[in-house]
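Report on the structure given below.
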């Protein structure tokens, strides 16, 4: 008895490279992920060939599995902001020093839907702080909104405009949830160090991975993460410190040039130092 299942027409004229490019274009249009079967149907490429090419793309770092249960794939290159947006955050604060502040203590509570904000400026400490708390973790890009709001409140309160070099992030918690997952034998694993704490624990809906920084982190480093220039926090901080070192060296170099021009000018005029 012949099968009544309709056959999907496949394009056998494409080269292997052309098929890979076609699959990548499909992946770029589905950042949430798409299964090999769906890709094969759209691209008109054999299902088994599609699965083989996806594995090759994954091994080459151009594709990734976003749902191991469904077997969905997504493009790595499509994620222009890097892996940081795969994570959420909660319970953190932004801080900056305002040495010239001479006013009284300021306290302000702001409700932004799921995000609760508490802003304060200490009359003695001369430090502005924005405490950010949420009942549930929220996407990383919400930090950009909080940062913009922090700058705006300071400007409205003190009349001062602060730069990202002056802002630090204190005690931030990053986390990622894995639905339909379960820890066998234990409910929680914690790895503690001087600078951070890494925790894996069981929740009702799945497993949560949490990374909590204990110290301060410059906003410049966070900005590098959010812009997608790097996916590694320690590298971002090193880039910031390198940038500051270069700026100090350039300043000294300019001072040296200024002094040299002054000396040459005095010598040209025959004057004494």
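The values are calculated or read from the model by the stated rules, or taken from the named source; none is laboratory data. Everything numeric here is computed off the predicted structure, so don't read it as measured data. Quick reminder, even Gly has a Cβ in these numbers, built from the backbone with ideal geometry, and neighbours come from all protein chains shown.
Summary of values
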{"read-out": "Hits in the range 11-61 (condition: modelled with pLDDT under 85 and touching a helix residue (DSSP H, G or I) at 6+ places or on another chain (Cβ under 8 Å))", "value": "11, 14"}
{"read-out": "Elements of type strands (runs of 3 or more DSSP E) contained in the range 27-137, each with 2 or more residues being surrounded by 16 or more Cβ atoms within 10 Å (Cβ to Cβ)", "value": "63-67, 72-75, 88-90, 92-97, 115-121, 127-134"}
{"read-out": "Matching residues, the range 153-163, being touching a strand residue (DSSP E or B) at 6+ places or on another chain (Cβ under 8 Å) and surrounded by fewer than 17 Cβ atoms within 10 Å (Cβ to Cβ)", "value": "157"}
